[in-house]
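Beneath this line is the structure, given in structure tokens, with notes to follow.
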Amino acid sequence: TLAFFALAAAGPAWADPPGRVGRIAEFSGNVWLYDDDQAEWVQARRNRPVTEGDRLSAERGARVEVQIGSATIRLDGGSEAEFAQLDDERVHVRLHGGTLALRTRGGRDADITRDIAILVPEGRYEPQRGGRYRIDVSDNRSSLGAAIGGALRFEARDSVLDIAAGQRAEFWLERGQTHYAWATPTNDRFDDWVAREDRDDDRERQRHVAPEMT
């Protein structure tokens, strides 16, 4: 009986790891990964798994792409993001600074679109369907969310705003309340790079693997 209870108590430590995991698909320049298990920053490696607690930092001029199932997350240079939750239920990415592009697809893996959220100091951005999105966290303590295609929702403690395709909005906190203003959509080198990578990724997935495969 004592042996049974000892095994039962140890059960959670033997639980299967989550089936959902990311990988560093591509990168250029100096990209660092904070390994939560080792508690240190290490140089990024292509195909290195990304799990809950990991952080990615791209130095100026660098870029990095992470694939999680059919979703793709890309960071521009001067950006840092943390995978606050990455399991079978949720994919929550905290953007500490810089620029993040998110691509989600519909189809059989549409559940991942509903599971993803990009966390920022002002609240969270959640894609409402498959599409292309961009989130910026600026130095003046505000964030900007854009729906290049699809539909994006911003949620804060005191407000909710839907961002339609082609729209971009800026959010900031003032005296404990969330404020927003519509902003001009971006069109820079990072956008161009993301668009090219999306096209290349679509061709590779059609030729070699299912869209849902990491």
Quick one: pull the percent of accessible area on the stretch 37-95 belonging to carbon and sulfur, 1.4 Å probe, ligands and nucleic acids left out. 34 percent
Tally up the carbon and sulfur contribution to the accessible surface of the stretch 101-176 as a whole percent, 1.4 Å probe, everything protein left in place. 44 percent
Suppose every K and R has +1 on its Cβ and every D and E has -1 on its Cβ; what is the size of the dipole of the stretch 38-193 about the Cα centre, in Debye to the nearest 20? 360 debye
On a C-alpha basis, how far is the centre of the stretch 165-188 from the centre of the stretch 133-148 in Å? Whole number, if you could? 7 Å
For the stretch 86-202, would you read off the P(r) tail past 26 Å as a percentage of all alpha carbon pairs? 15 percent
The answer for the stretch 75-158, accessible area per residue at 1.4 Å probe in Å², is 41 Å²
Stick to the Cα atoms of the stretch 20-96, pair each with every other, and give me the Kirkwood hydrodynamic radius in Å at one decimal. 12.1 Å
Förster-model FRET efficiency, 22 Å R0, Arg157 and Arg45, C-beta, rounded to 0.05: 0.05
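The values are calculated or read from the model by the stated rules, or taken from the named source; none is laboratory data. In this text the structure is predicted, and so the values were computed from the model without any measurement. When we count neighbours, we look across all protein chains shown, and the Cβ atoms used for this are built from the backbone with ideal geometry, even at glycine. Heads up: the accessible areas ignore ligands, DNA and RNA and are worked out on the full protein's heavy atoms, side chains in. Shrake-Rupley method; radii C 1.70, N 1.55, O 1.52, S 1.80 Å.
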